[in-house]
Amino acid sequence: MNKRALITGSSTGIGFEYAKYLSKEGWSLDLISQNKARSLESKNKLSYEKAQFHIFDLGKKESINSILDNFETPDLIVANAGIAINGNIGEIKQDEREYFFYLMCGGVIDLIEGFIPKMLDKRNGRIVIISSIGAKTSMPKSSLYSSIKAGIYAYGKSISTELKNKNISVTVSLPGYVRTKAHERVGLDHLIKKVPGWMWINPEQVVLETEVASLKGKSEVIPGKVYKTVKPFLNLNIAVKIWKWITKRN
Ligand SMILES: NC(=O)c1ccc[n+]([C@@H]2O[C@H](COP(=O)([O-])OP(=O)(O)OC[C@H]3O[C@@H](n4cnc5c(N)ncnc54)[C@H](OP(=O)(O)O)[C@@H]3O)[C@@H](O)[C@H]2O)c1
């Protein structure tokens, strides 16, 4: 087997677990993150000779252009890099809003659009987009995050249908709370204490369920039983009230 995967946001959390999972399957890996120290730490932890580690700030267009110009066409793209964004309406500056949109939506689209002609030539490939359950529900004080994740969800769903007969599967994964560094990184430590344990799932589970869905050619997956169960109720007022209460800072 000589399959190549490109994973963005591979230094920790879901991206790192994805790299670990694929390394066990013998994939060659292009692993992208932005912080050198964390990348090195993940390199030592993964300890896998078929992995190459790259440093790029994916919130910048020139990074995506450089990847498209210099990387081999992947057989699998895992568009995962991202950060939690918390802030009241009116509080996040325009340049920050644009940066976040590019990192988790515009840049993901540029990456996929750039690679797709060569993937189509190969007539084979898979694309996985890590969105969020926030794409499907209202998230007061995280409206920017939920709109970005909804945007990339809509793109992924649409191209999934468009590419159906071209042997390229596109799967959008919509995790709820996952035990990673995401919340701690942006000072949302209160969530770790406040959100009940049963609402958290492990990154390994996200990867496993997402890979199963991708290999089956499913366009969307919600990892974890708890989130599958609550999906029909996400837009009810009661669900929004519970979300507001859980995420309220003391
Ligand atoms: N954790 C959750 O509860 C949750 C729920 C739903 C969806 N998600 C989504 O899952 C994805 C992965 O998050 P995670 O929970 O695994 O968080 P994480 O542990 O904080 O990992 C985030 C990864 O993204 C990379 N990254 C962030 N900004 C970047 C940038 N500008 N350029 C390049 N790489 C960048 C980080 O690299 P560095 O280490 O170099 O910064 C890191 O490898 C995100 O898209 C997130 O929105 C997470």
Query raised in the report: Hey, rough spin-label estimate for SER143 and TRP198, points 7 angstrom out along Cα→Cβ, what's it come to in nanometres?
Result: 3.2
Requested in this report: Could you check what % of the DSSP bridge pairs in region 4-247 are antiparallel, to the nearest 5?
Outcome: 0
Report task. Give the relative contact order (percent, whole number) for the chain; include only Cα pairs under 8 Å separated by 6+ residues. Result -> 18
Query raised in the report: Sorted by accessible area with a 1.4 angstrom probe, largest first, how do TRP243, TRP200 fall?
Result: TRP243, TRP200
Report summary line: Note, region 60-72: 3J(HN,Hα) by Karplus (6.51, -1.76, 1.60, θ = phi - 60°), whole Hz, Gly/Pro = x, goes 10, 4, 5, 5, 5, 4, 5, 4, 5, 6, 10, 8, 5
Report summary line: Over 19 Å (Cα to Cα) among LYS3/LYS122; LYS20/LYS194; LYS122/LYS166; LYS136/LYS228 -> LYS20/LYS194
Query raised in the report: To the nearest 10 degrees, how steep is helix 13-24 against the longest Cα principal axis of the chain, on a 0 to 90 scale?
Result: 30
Query raised in the report: For a label point 7 angstrom out from the Cα of LYS43 toward its Cβ, which stretches of region 57-77 have the backbone nitrogen within less than 12 Å?
Result: none
**Report entry** Alpha-carbon centroid distance for the pair region 129-176 / region 25-51, whole angstrom
**Finding:** 26
**Report entry** Average accessible area per residue (Å²) across the chain - probe 1.4 Å, nucleic acids and ligands excluded
**Finding:** 51
Requested in this report: Leaving ligands, DNA and RNA out of it, rank ARG123, ARG185 by accessible area with a 1.4 Å probe, largest first.
Outcome: ARG123, ARG185
Report task. Report the local net charge at ARG179: Lys and Arg +1, Asp and Glu -1, summed over other residues whose C-beta lies under 12 Å from its C-beta. Result -> -2
Report summary line: Per the 1/(1 + (r/R0)^6) rule, R0 = 25 Å and r from the Cβ atoms of ALA154 and GLU98, FRET efficiency to 0.05 is 0.85
Report summary line: Descending accessible area (1.4 Å probe), largest on the left, turns PHE53, PHE71, PHE115 into PHE53, PHE71, PHE115
Requested in this report: Give the longest segment of the chain that steers clear of GluC sites (Glu not before Pro) in DSSP loops with at most 15 neighbouring Cβ atoms within 10 Å, not counting the sites themselves.
Outcome: 92-250
Query raised in the report: Residues with beta-carbon under 12 Å from that of ILE14, excluding ILE14: net charge, scoring Lys, Arg +1 and Asp, Glu -1?
Result: -1
**Report entry** Chain lengthening between ASN2 and ASP189 when straightened (0.36 nm per residue, less Cα-Cα)
**Finding:** 63.2 nm
Report summary line: Interchain or sequence-distant (5+) residues whose placed amide H lies within less than 5 Å of the amide H of VAL172 are ILE129, GLU220, VAL221
Report summary line: Carbon and sulfur atoms account, in whole percent of the 1.4 Å probe accessible area of the chain, for 52
Query raised in the report: Measuring from centroid to centroid over Cα atoms, what is the spacing of region 54-116 and region 195-250 in Å?
Result: 23
Query raised in the report: Calculated from DSSP H runs of 4 or more alone, at -39500 (n - 2.57) each and per residue, what is the 222 nm mean residue ellipticity of the chain, nearest 500?
Result: -14000 deg cm²/dmol
**Report entry** Karplus (6.51, -1.76, 1.60) ³J(HN,Hα), θ = phi - 60°, over region 43-50, in Hz, Gly and Pro reported as x
**Finding:** 4, 5, 5, 6, 6, 9, 5, 8
Report task. Report the dimensions of the chain along its three principal axes from the alpha-carbon atoms, largest first, rounded to Å. Result -> 50, 41, 35
Query raised in the report: For PHE233 and GLU72 in one chain, what is 0.36 nm times their gap in residues minus the Cα-Cα distance, to one decimal in nm?
Result: 53.7 nm
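The values are calculated or read from the model by the stated rules, or taken from the named source; none is laboratory data. Computed from a prediction, not measured in an experiment: that's the story for all the values here. Here the Cβ is made from the backbone with ideal geometry for all residues, glycine too, and neighbour counts use every protein chain on show. Side chains included, ligands, DNA and RNA excluded: accessible areas come from the protein's heavy atoms. Shrake-Rupley method; radii C 1.70, N 1.55, O 1.52, S 1.80 Å.
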